[in-house]
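**Q** This is the structure, below, for whatever I ask next.
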Amino acid sequence: MNTQWSALAGMAGLALLTQADIVSAAPVTLDVVSLAPRVLLVRPETQVGNPTTIALLGDEETWLLDASIPVSAAAIDSMLVHRGAKPVTKVITSHAHRDHTDGLVHWLARGASGVATVEQVARMKGSPVIAPALESGEIALLTDTVADTRTLQIEMDGVPVDVQLLRPKDRSGHTDGDLFAYLPSVSVLYVGDYYFFDRFPIIGVNEGGGLEGYLAAIDWITNEFPEETKVIPGHNTFAPTVPAVPSLAEFKAWRADLQRTIDWITSQRSAGLTADAIVAKGLPSEFGRLSEKPRYVPEERWIRFVLDATAQPDQE
Ligand SMILES: [Zn+2]
Ligand SMILES: [Zn+2]
């Protein structure tokens, strides 16, 4: 890091206050769970969401999986300092939805570098939080891009620990720029927004995502990864419930429930019901928990989304 970069980083700390003020009315609570001795699952919760961050506590540096939003990033930073963690030097982002990437304005201004896919970088530049910070020079997107698969190593207790970065084969999943992170030594797989714990998922159709690719990527995970894998969702339980550390079997069960709702919705259409009639009828009550508040997607939105996503030209 050169001195000019240090000066910019110092200025950014002040400039960021004005941006953070916008959301500082929302208090941040942080819940932290150890996934392994040096691997922390962090769930921030604010009025604007609870995107997961995973902290990898290396001997000389800390790496993060997902940047969170600026106000949560500041809280996570304080928590890490309090725990005696080494400085954050690398932030790997699962996808470019703003609740996972806008926090880069915090981390990059403090000297970390980003690791993302090219599709993510393109979308980040359009973020109303990141774009002004880029333009004013508060941050530079020092982003290292991942084309397909890649393994990075971080030292923990003197041992290099693999962090495997993988892309789904179908690039139209949650978005078109998604990245999974797998730590084989501790059987932790971070899937980002391919898992909304016990809720209907958001699928970023405006960001190149689609239902088919989303489900295909989940199936690839459940088929390819070992049973002992802990599958960490991009959105977990809500405070005050403790964050879940789901098994591969739980992930599979959630996927199966989604499929049962999709099959039910499409069968209603086949039986001649209109979208409004299907919404009015409502899903069988056993699926009610998937749209319980707090939630991301209410039942009506899920029904209409599935109808749109499964409408085939040959069904006209
Ligand atoms: Zn997302
Ligand atoms: Zn998200």
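Derivation of every value follows stated rules applied to the coordinates shown; laboratory data play no part. If you're wondering where the values come from, they're calculated on a predicted model, not measured in any experiment. Here Cβ is always computed from backbone atoms with ideal geometry, including for glycine, and neighbour counts include all displayed protein chains.
**Q** So, in the chain, how many Lys pairs have Cα atoms under 28 Å apart, if the pair is 8 or more places apart or on different chains?
**A** Going through the chain pair by pair, I get 12.
**Q** Turning to a different aspect of this structure: What order do you get for 54-62, 75-83, 270-278 when each peptide is scored by the mean count of other beta carbon atoms within 10 Å, highest first?
**A** 54-62, 75-83, 270-278
**Q** Separate question: With the cut-off at 1.5 for a/c, could you classify segment 3-247 from its C-alpha gyration tensor as rounded, prolate or oblate?
**A** Taking the square roots of the gyration eigenvalues as a ≥ b ≥ c, segment 3-247 is rounded.
**Q** Over segment 3-247, what is the relative contact order in percent, taking alpha-carbon pairs closer than 8 angstrom and at least six residues apart?
**A** Value for segment 3-247: 16 percent.
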